[in-house]
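One structure is given here, and the rest of the page talks about it.
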Amino acid sequence: GGCWHQCCPGRNNACWAAGAHRARCYCDSYCERTGDCCEDYHAACRRAAVGCAVGPWGPWSGCSSLCGVGSKARSRQVTIPPRHGGEPCPDLKQRRGCLGEHPTCGTAK
């Protein structure tokens, strides 16, 4: 048995084949960490691996609070999804704190 028929990204216990002496060997990208990859894993899966690619960050949103402490967010899109056990995608969203300073804030005090 071997990985020629399937390669899975991440950790996937259903992604295995029968190895030597009827033991299971794995074809998921996590097998590299656990050391239980099938013999043909690198030839069958890593050669075809495509890592995730993302676009640039979008602009920060406005502050969620008009007056006082709030948060801003921004995001980016996946341009090429990971395939065949390639590198997973990095974070697609970011959030940071902000202080709302709308002109009406002073009159509320």
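The values are calculated or read from the model by the stated rules, or taken from the named source; none is laboratory data. The shown structure was predicted, so the numbers you read here are calculated from the model rather than taken from an experiment. Cβ: placed from backbone, ideal geometry, glycine included. Neighbour counts: every protein chain shown. Ligands, DNA and RNA are excluded from the accessible area calculation, which covers all protein heavy atoms including side chains. Shrake-Rupley method; radii C 1.70, N 1.55, O 1.52, S 1.80 Å.
Compute the signed sum of charges (Lys and Arg +1, Asp and Glu -1) over the other residues within less than 13 Å, Cβ to Cβ, of Cys89. Once positives and negatives cancel, what remains is +1. From the largest down, the chain spans 79, 23, 16 angstrom on the principal axes of its Cα atoms.
The residues packed around Cys63, meaning those with a beta-carbon under 14 Å from its beta-carbon, carry a net charge of +3 if Lys and Arg are +1 and Asp and Glu are -1.
Relative contact order of the range 1-48: what whole-number percent is it, with Cα pairs under 8 angstrom and at least 6 residues apart?
It rounds to 40 percent for the range 1-48.
Applying 1/(1 + (r/R0)^6) with R0 = 22 Å to the Cβ-Cβ distance of Arg96 and Arg76 gives a FRET efficiency near 0.90. Taking amide H atoms as placed 1.01 Å from N in the peptide plane, the amide H of Cys98 lies under 5 Å from those of Gly70, Ser71, Lys72, each 5 or more residues away in sequence or on another chain. Name the shape class, rounded, prolate or oblate, that the alpha-carbon gyration tensor gives for the range 55-108, where a ≥ b ≥ c are the square roots of its eigenvalues, rounded holds for a/c under 1.5, and otherwise prolate holds if a/b is larger than b/c and oblate otherwise. Note, shape of the range 55-108 comes out prolate. Computed in the context of the full set of protein chains, the accessible area of the chain at 1.4 Å probe radius has 52% of its extent on carbon or sulfur. Potential lengthening of the chain between Ser65 and Val50 amounts to 1.3 nm, from the contour at 0.36 nm per residue minus the alpha-carbon distance. Under the simplified labelling scheme, the Thr104-Arg83 pair shows an inter-label distance of 5.2 nm, with each label point 7 Å from Cα along Cα→Cβ.
Using only side-chain charges placed at the Cβ, +1 for Lys and Arg and -1 for Asp and Glu, the dipole size of the chain relative to its Cα centre rounds to 400 debye. Heavy-atom accessible surface of the chain, averaged per residue, reaches 69 Å², computed with a 1.4 Å probe. For the chain, the antiparallel share of DSSP beta bridges with both residues in that region comes to about 90%. Each stretch of four or more DSSP H residues adds -39500 (n - 2.57); spread over every residue of the chain, this sum gives -1000 deg cm²/dmol at 222 nm.
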